[in-house]
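Notes for the one structure printed next.
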Amino acid sequence: MNKLYTTNPVFPTPNIKNTANFYIEKLDFNSVEYLNSSESHICLYKDDIEIILTDSNGKKVIPNRELYGYGYDVYIVADNQEEIQRDFERKGLKIVKRLSLTDYNNKELVLENIDGRWIGFGVKFDKNI
């Protein structure tokens, strides 16, 4: 059977440069711009994560929780959430859900990005699952 390795979320955004700067300055991502390509975009990189920003052509971002009543826009599996939360607090970022254990047994926290998207940072609490 074929193995899947990772996923790269694609985020359309009304101001691609502002969104990229948020990830670079606040979340320590690196970026590579492809703004002159036929499908202009910016790739953001940190550790094993890649987020692709595209131009929404002026359309407003509607986060999953607004469209469907709940849900994050991306979920990043991460360890040491305590340190991640402290880093977000030091930087004055908007933490919408502080670190906790969910009823589906994940230890996670949730950050709101510059476009109103919710980014979950978590891990399955019970390593035996």
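F11 falls short of the stated requirement of being surrounded by 12 or more Cβ atoms within 10 Å (Cβ to Cβ) and in a helix (DSSP H, G or I).
Can we say K17 is outside any loop (DSSP other than H, G, I, E, B), of a type in the set (K, R), at pLDDT 95 or above and under 25 Å from D79 (Cα atoms)? Answer is no for this residue.
Condition check ((1) farther than 16 Å from Y23 by Cβ; (2) of a type in the set (D, E, K, R); (3) not assigned by TED's automatic domain parsing to the domain that holds G120) across all residues:
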site: V74; (1), (2), (3): no, no, no
site: Q85; (1), (2), (3): yes, no, no
site: R90; (1), (2), (3): yes, yes, no
site: L99; (1), (2), (3): yes, no, no
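Inspect all residues belonging to the range 49-70 and state whether any of them is among the hydroxyl-bearing types (S, T, Y), surrounded by 14 or more Cβ atoms within 10 Å (Cβ to Cβ), in the same structural domain as F11 (by TED's automatic domain parsing) and modelled with pLDDT of 95 or more.
If we filter the range 49-70 for residues that are among the hydroxyl-bearing types (S, T, Y), which is where we start, we get 54, 56, 68, 70.
So of that shortlist, the ones also surrounded by 14 or more Cβ atoms within 10 Å (Cβ to Cβ) come out as 54, 56.
This time we only want the ones that are in the same structural domain as F11 (by TED's automatic domain parsing), so: 54, 56.
Narrowing the set further to residues that are modelled with pLDDT of 95 or more leaves 54, 56.
Yes, the range 49-70 contains a residue that is among the hydroxyl-bearing types (S, T, Y), surrounded by 14 or more Cβ atoms within 10 Å (Cβ to Cβ), in the same structural domain as F11 (by TED's automatic domain parsing) and modelled with pLDDT of 95 or more.
Tell me whether the range 91-101 contains one or more residues that are modelled with pLDDT under 95, touching a strand residue (DSSP E or B) at 6+ places or on another chain (Cβ under 6 Å) and either over 30 Å from S38 (Cβ atoms) or part of a loop (DSSP other than H, G, I, E, B) (or both). So far as the range 91-101 goes, yes, one or more of its residues are modelled with pLDDT under 95, touching a strand residue (DSSP E or B) at 6+ places or on another chain (Cβ under 6 Å) and either over 30 Å from S38 (Cβ atoms) or part of a loop (DSSP other than H, G, I, E, B) (or both).
Residues in the range 62-79 include none that are free of Cβ contacts under 8 Å to residues at least 24 places away in the same chain and under 12 Å from the mean Cα position of the chain (by Cα). Out of (1) closer than 22 Å to K124 by Cβ; (2) of a type outside the set (S, T, Y); (3) outside any loop (DSSP other than H, G, I, E, B), the odd one out for D79 is which? D79 satisfies all of (1) closer than 22 Å to K124 by Cβ; (2) of a type outside the set (S, T, Y); (3) outside any loop (DSSP other than H, G, I, E, B) except (3). All of D79, D87, D47 fail the test of being under 19 Å from F11 (Cβ atoms) and of a type outside the set (A, V, I, L, M), apart from D47. Restricted to the range 8-34, and to residues that are more than 20 Å from D55 (Cα to Cα) and not acidic (D, E), which residue is farthest from the chain's Cα centre (by Cα)? So, considering only residues that are more than 20 Å from D55 (Cα to Cα) and not acidic (D, E), the one farthest from the chain's Cα centre (by Cα) is K26.
The values are calculated or read from the model by the stated rules, or taken from the named source; none is laboratory data. Nothing here was measured: the structure is a model prediction, and the numbers come from that model. A quick note on method: Cβ atoms are made from the backbone with ideal geometry, for glycine too, and the neighbour counts reach across all protein chains shown.
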